[in-house]
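The values are calculated or read from the model by the stated rules, or taken from the named source; none is laboratory data. Predicted model, so just to flag it, every value in this text is computed and none were measured. Neighbour counts are summed over all protein chains in view; Cβ atoms, including those assigned to glycine, are modelled from backbone coordinates with ideal geometry. Note: areas computed on protein heavy atoms with side chains; ligands, DNA, RNA excluded. Shrake-Rupley method; radii C 1.70, N 1.55, O 1.52, S 1.80 Å.
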Amino acid sequence: MNQHVKPQVNIAAVVDVIGALSESTLLNGNLCLIDDGGYGSTGQGTPELCTVVHAGQVVQWSAVALDVQTPVEIKSITFLGPDGSPAGEITPSSDSAELGRDVWSGVVPAYM
């Protein structure tokens, strides 16, 4: 891995759960995605975040609810290829089930 590449990129999904349930959508300001990647990610603060990562880099996703009494979790994560088509998916591991699905972590595979 390039010595200038951070070993880990953190992505946070901030969800207005009450708004999302009321409107039946994560759009309309109900979802805000941000990362600390620093490599030209686009869509910061929107549901359209595109995080630039490198093979071998650890990516950690966290889900945060605006209303602390309403739970939020990540069901699955899909990687998109350069053309926007699905290139891979992460499903829950036994660790994430034990810890809750509010934090996920994985290594970017070499084929991506």
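Details
- Residue within the range 84-95 that is at pLDDT below 75, among the charged types (D, E, K, R), exposed (fewer than 14 other Cβ atoms within 10 Å of the Cβ) and in contact with a Ser or Thr (Cβ under 7 Å, 6 or more places away or on another chain) present: yes
- Any hit, the range 51-59, residues being modelled with pLDDT of 90 or more, part of a loop (DSSP other than H, G, I, E, B) and closer than 12 Å to Ile11 by Cβ: no
- The set of residues in the range 7-37 that are part of a loop (DSSP other than H, G, I, E, B) and either open to solvent by less than 70 Å² (accessible area, probe 1.4 Å) or touching an Asp or Glu at 6+ places or on another chain (Cβ under 8 Å) (or both) comprises Asp16, Thr25, Gly29, Asn30, Asp36, Gly37.
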